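Okay, structure first, notes after.
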Amino acid sequence: MNCLKKTILPVLLATIWISISEFVRNEFLLKSYWTDHYQKLGLIFPSKPVNGAVWGLWSMLFAIAILIISRKFSLVQTTLLSWFVGFVFMWVVIGNLGVLPYGILFAAVPLSLLEACVAALIIKKLTNYP
């Protein structure tokens with residue numbers, strides 16, 4: 001029961017939050033940036049159900065990473081370290097591959113920081129780590 005309360009539930013709730021945040025940001029707020037950029041590259045923006053499932057997996061892995069980080073760091077440190085590992089690393093990679101529309105960063109940076117902060121807060125509140 002303690003494992004459910006201290007690990008599974010916080011990760012599940014953080015995963016749900018991250019998934020919703022990602023979906024709203026990338027499907028409603030920034031979709032045109034993604035589709036226009038991919039069209040200029042001669043590609044089709046990947047938005048099939050399998051892509052959504054992979055993002056769901058990414059959300060869960062990100063929540064697990066936040067849980068692990070939160071055991072050793074404060075809320076602010078957890079937020080910043082999680083954001084750096086989850087987003088900055090990803091943007092460097094997709095920027096290197098040429099598929100990052102840099103125009104999204106004006107909205108993606110603050111919204112992804114908010115996403116990481118709320119996920120860290122969910123985990124911190126439910127696990128009672130210092």
Size of electric dipole in the chain: Cβ of Lys, Arg +1 and of Asp, Glu -1, about Cα centre, debye, nearest 20: 420
Mean ellipticity per residue at 222 nm, deg cm²/dmol - from DSSP H runs of n ≥ 4 across the chain, formula -39500 (n - 2.57): -21500 deg cm²/dmol
Listed residues L111, T35, L97: farthest to the positive end of the dipole of the stretch 10-130 (Cβ charges): L111
Whole-number D in µm²/s for the stretch 78-130 (Stokes-Einstein; Kirkwood sum over Cα pairs; 37 °C, 0.692 mPa s): 274
Computed over the chain, Kirkwood Rh from alpha-carbon pairs, angstrom: 15.3
Integer Hz, Karplus 6.51/-1.76/1.60 couplings in order for the stretch 67-80, x for Gly and Pro: 4, 5, 5, 5, 5, 10, 10, 5, 4, 5, 5, 4, 4, 5
Karplus-derived HN-Hα couplings along the stretch 2-8 (A = 6.51, B = -1.76, C = 1.60, θ = phi - 60°), whole Hz, x at Gly and Pro: 5, 4, 4, 6, 9, 10, 5
Calculated P(r) of the stretch 26-66 - Cα pairs past 11 Å, %: 69
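FYI, it's all coordinate maths here, none of it is from the lab. In this text, all values refer to a predicted model and were calculated from it rather than measured experimentally. Don't worry about glycine lacking a Cβ; one is built from the backbone with ideal geometry, like all the others, and counts go over all protein chains shown.
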